[in-house]
1. Here is a check on your reading of the model: is Ser73 modelled with pLDDT of 95 or more and either surrounded by 15 or more Cβ atoms within 10 Å (Cβ to Cβ) or within 30 Å of Val217 (Cβ to Cβ) (or both)?
2. Step by step: first the residues of the range 298-326, then only those that are hydrophobic (A, V, I, L, M, F, W, C) and out of contact with any Phe, Trp or Tyr (no Cβ under 8 Å at 6 or more places or on another chain), then the one that is farthest from Met235 (Cα to Cα). Which residue is that?
3. Please specify each residue of the range 76-89 satisfying the condition of being surrounded by 13 or more Cβ atoms within 10 Å (Cβ to Cβ) and of a type outside the set (Ser, Thr, Tyr).
4. Filter the range 176-186 down to residues that are touching a residue at least 12 places away in the same chain (Cβ under 8 Å) and assigned to a loop (DSSP other than H, G, I, E, B) and give me whichever is nearest to the chain's Cα centre (by Cα).
5. Of the residues Leu237, Leu193, which is out of contact with any Lys or Arg (no Cβ under 6 Å at 6 or more places or on another chain) and either closer than 19 Å to Val141 by Cβ or basic (Lys, Arg) (or both)?
6. Is one or more of the residues making up the range 160-175 free of Cβ contacts under 8 Å to residues at least 40 places away in the same chain, assigned to a loop (DSSP other than H, G, I, E, B) and farther than 24 Å from Ile94 by Cα?
Amino acid sequence: MKKIKANSKQNRKTVVVHYLVIMLIISAVNLMSCSKDEDENPVNPDYSSAENWLRKPSPSKAVDVFYVYPTVSSATSGSMDITDPSERALAEGILKAQASVYEGETNVFAPYYRQMSTNVDMSGGGLATDTKEFKQGAVDVQNAFDYYIENLNNGRPFMLAGHSQGSMALIELIKNRFGSDAVLRSRLVAAYLIGYTVTDADLVAANLIAAQNATDVGVVITYNTQSVTSEGGPMLLPGAHCINPLNWRTDNQQAEASENLGAVFFNDQTGEFLREESNYCGAQINTANGALTTTIPEGENLEIGSYPEGVYHRYDYAFWYRNLEQNAKDRIQAYLEN
């Protein structure tokens, strides 16, 4: 009997040990599964938290700008980590280089968003707008805009402004939010969707029209800058609308360099002011492909990055900086007078 009891105790101990091992394995698997789910379905940013805003001012002006920064992230994950100080610093730098165009006349609101990084996997082909990383960032922008309208705007007229991926996200925003909302459209001074293609289909979905002159309101301003000889880059797609930011025409009439109020160059990563050049270059629309073409000063050696020859995408704001600044003032005045 004693021997039997001893074996029974040993058996029970073995069963308990086996049970604990199994439970530990199950727990580990569950933790791995949760971690994977969290990676694949990250929690959307909470825009009621000031931490998720690059700019969230105390309004002092009559008009706002909702600004969305272009691609700054090179995160290997394919999406910007908006909690990473180095990534946030890059967003701050480009905001100073671009959104400063609007700061003199408006309250600039700008959310952080989990944008598609330069390391997104595009090996399968297709457009950047088809990637899950871009779509995630575009949803962030829409959520931020919804929060801004409901909690921060307080009924003021506003402008939209972006560049490159920022404009891409704003195009999705106007298609999804403005098309059926006449009140929202009535408060839009203008949308500066620069550095990406805006098509007729986009405008129809948004129930908006492309700008035709310097002071029409409730319109979309868009262009993509390149040299006269360039064949274009990935931002210039078929059906692109274009307006000339020097003479505010949509035909191919040449605007001379004398009409350029000032090109302003910044270090895009830090926001450091570098130099300003009056009468820097002229501009003309290529009506065949919708490009804004220019010839930069002889001897100027600009860093254009990985883009094809003559694609001045990085300088869509810099070349026409003072003209954009003046135009924002003119459109705001026209809106408020009406």
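The values are calculated or read from the model by the stated rules, or taken from the named source; none is laboratory data. What you see is a predicted model; the values in this text were computed from it and never measured. All Cβ positions, glycine included, derive from the backbone under ideal geometry; neighbour counts span all protein chains shown.
1. Numbers: modelled with pLDDT of 95 or more: yes; either surrounded by 15 or more Cβ atoms within 10 Å (Cβ to Cβ) or within 30 Å of Val217 (Cβ to Cβ) (or both): yes.
The answer is yes for Ser73.
2. The initial filter retains those residues of the range 298-326 that are hydrophobic (A, V, I, L, M, F, W, C), namely 302, 304, 311, 318-320, 324.
Narrowing further to those that are out of contact with any Phe, Trp or Tyr (no Cβ under 8 Å at 6 or more places or on another chain): 311, 320.
On the way: Val311: 10, Trp320: 18 Å.
Per the stated criteria, the residue is Trp320.
3. So the first thing to find is which residues in the range 76-89 are surrounded by 13 or more Cβ atoms within 10 Å (Cβ to Cβ), and the list is 77-82, 87-89.
Correct list: Gly78, Met80, Asp81, Ile82, Glu87, Arg88, Ala89.
4. The selected residue is Phe178.
5. Details: Leu237 fails: either closer than 19 Å to Val141 by Cβ or basic (Lys, Arg) (or both).
Testing whether each residue is out of contact with any Lys or Arg (no Cβ under 6 Å at 6 or more places or on another chain) and either closer than 19 Å to Val141 by Cβ or basic (Lys, Arg) (or both) leaves just Leu193.
6. Residues of the range 160-175 free of Cβ contacts under 8 Å to residues at least 40 places away in the same chain: 171, 173, 175.
Add one more test, that the residue is assigned to a loop (DSSP other than H, G, I, E, B), and what stays is none.
Looking through the range 160-175, none of the residues is free of Cβ contacts under 8 Å to residues at least 40 places away in the same chain, assigned to a loop (DSSP other than H, G, I, E, B) and farther than 24 Å from Ile94 by Cα.
For (1) surrounded by fewer than 21 Cβ atoms within 10 Å (Cβ to Cβ); (2) out of contact with any Ser or Thr (no Cβ under 8 Å at 6 or more places or on another chain); (3) among the polar types (S, T, N, Q), each residue gets a yes or a no:
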residue: Gln226; (1), (2), (3): no, no, yes
residue: Leu237; (1), (2), (3): yes, no, no
residue: Arg249; (1), (2), (3): yes, yes, no
residue: Asn252; (1), (2), (3): yes, no, yes
residue: Asn260; (1), (2), (3): no, no, yes
residue: Asn267; (1), (2), (3): yes, yes, yes
residue: Gly282; (1), (2), (3): yes, no, no
